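This report refers to the structure that appears directly beneath it.
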């Protein structure tokens, strides 16, 4: 087990504060707590560090929220492999708190962000690009005059060559625009995300994330693992599998899912080039397996809810989109390619059926099954990874709708320096179930309807 003593063990190998005055101060012995946040909906990591200043570092070093924090945190593993590290330099962007903690001591809390986040707000793009959307994203990310990031970039390439002009926009806004134009060359998915975790930056589809093997198996076990007979003994491996908390915080809401177009929606597309009109409809059940999901079965039942046989996915007028396009024969008629003397660029994906897919999927992740959980710290777990959960509301040998594979969308690494304990808190979601919702016959709707209807005129 590579020398691991307990679940959540870690070592703070480096914690240097590079101050605005150019000084370098080792605050490893002064640090109290470090928090690092990851989110698949954010284009960079954030965090906080709290330390007790007994040497007047804050004033002598002229800490102003324009400093740098060099962190290296190692975590021993259960295998014989070497330790796993968080090794990164962050930008201090804010002094969050500062107060007396003793006669000659002050508690200071600083907020930090990834360097790329600061570069994003400092720079703007006024430039034209001609390439696939993900190649344009990569160019912006690596450009020495824009983001100039040297971090790993895990990218899932897209199809179609686009021509786009960015009129004085921030880099991450340009990247966000290109995500809307991206369709995967691997699985034809339009559900792209751009985010950072402890491994690096990711430009990938939701389906690519859902296809990953799980990085951890969790259960709601006893406080101590049972090892041999009935004697409860300390077991590091079992402690890593144990969830300390699990709380459902995103319940299925049919009213919201209907109103926002998750269950069904309609897109009215007007082509201003050939003066045509096209209507596209998304149905939750008919399109359920159009793109990969975390499991095979819908969360909702496709049983009829009305006498006419309609299901919850048969109401496209609940949400209507209107969009104008300019294309013909698969060509973008708004941009002429002077190199080939033709309209060779592929049309915009915004306004197509992929746009409907993207809209409904983004809302679905927030209105279906979701929970917040916490466990002993593990840096192999990050935003965008998948985990397996079992037995949170049932016995381990039973099946529950809250069991199964989940995607981590938000995560917090909390390092308590005093107790030398690392805990991980995360938000997880799933968009499907392992078992089909059973159907036990047809509902006789008349039986449940009021028999005392009518209109009454008031005098």
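The values are calculated or read from the model by the stated rules, or taken from the named source; none is laboratory data. Treat the numbers as computed from the prediction; the structure is a model and nothing was measured. Neighbour counts are summed over all protein chains in view; Cβ atoms, including those assigned to glycine, are modelled from backbone coordinates with ideal geometry.
Just a yes or no: is a residue in the stretch 145-163 part of a loop (DSSP other than H, G, I, E, B), free of Cβ contacts under 8 Å to residues at least 12 places away in the same chain and on the phi < 0 side of the Ramachandran plot?
yes
Residues checked against (1) surrounded by fewer than 19 Cβ atoms within 10 Å (Cβ to Cβ); (2) assigned to a strand (DSSP E or B); (3) modelled with pLDDT of 95 or more:
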{"position": "5", "(1), (2), (3)": "yes, no, no"}
{"position": "29", "(1), (2), (3)": "yes, no, no"}
{"position": "34", "(1), (2), (3)": "no, yes, yes"}
{"position": "37", "(1), (2), (3)": "yes, yes, yes"}
{"position": "52", "(1), (2), (3)": "yes, yes, no"}
{"position": "62", "(1), (2), (3)": "yes, no, no"}
{"position": "65", "(1), (2), (3)": "yes, no, no"}
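Being touching a residue at least 40 places away in the same chain (Cβ under 8 Å) and closer than 19 Å to residue 99 by Cα is the filter here; which residues of the stretch 18-52 pass it? Selection gives 31, 32, 33, 34, 48, 49, 50, 51, 52. For the structure I just gave you, tell me whether residue 166 is out of contact with any strand residue (DSSP E or B) (no Cβ under 7 Å at 6 or more places or on another chain) and outside any loop (DSSP other than H, G, I, E, B). Taking the combined requirement at face value, the residue does not satisfy it.
Taking into account only those residues within the stretch 264-285 that are in a loop (DSSP other than H, G, I, E, B) and in contact with a strand residue (DSSP E or B) (Cβ under 8 Å, 6 or more places away or on another chain), which is surrounded by the most Cβ atoms within 10 Å (Cβ to Cβ)? Outline the logic, then answer.
Here is the first cut: in the stretch 264-285, the ones in a loop (DSSP other than H, G, I, E, B) are 272-275, 284-285.
From the residues that got through so far, the ones that are in contact with a strand residue (DSSP E or B) (Cβ under 8 Å, 6 or more places away or on another chain) too are 272-274, 284.
Working: 272: 12, 273: 16, 274: 11, 284: 23.
Across the stretch 264-285, the extreme among qualifying residues is 284.
The sole residue among 103, 95, 108 that is surrounded by fewer than 16 Cβ atoms within 10 Å (Cβ to Cβ), touching a strand residue (DSSP E or B) at 6+ places or on another chain (Cβ under 7 Å), modelled with pLDDT under 95 and within 30 Å of residue 57 (Cα to Cα) is 95. Any idea how many residues of the stretch 286-318 are surrounded by fewer than 17 Cβ atoms within 10 Å (Cβ to Cβ), closer than 17 Å to residue 261 by Cα, modelled with pLDDT under 90 and more than 29 Å from the chain's Cα centre (by Cα)? Total meeting the criteria: 1. Filtered by the rule that a residue be at pLDDT below 95, touching a helix residue (DSSP H, G or I) at 6+ places or on another chain (Cβ under 7 Å) and more than 14 Å from residue 430 (Cβ to Cβ), the stretch 197-217 gives a lone residue, 217. Within the stretch 130-139, how many residues turn out to be at pLDDT 95 or above and surrounded by fewer than 21 Cβ atoms within 10 Å (Cβ to Cβ)? Matching residues across the stretch 130-139 total 3.
Would the stretch 116-126 turn up any residue that is more than 20 Å from residue 38 (Cα to Cα), in a strand (DSSP E or B) and at pLDDT below 90?
No: zero hits.
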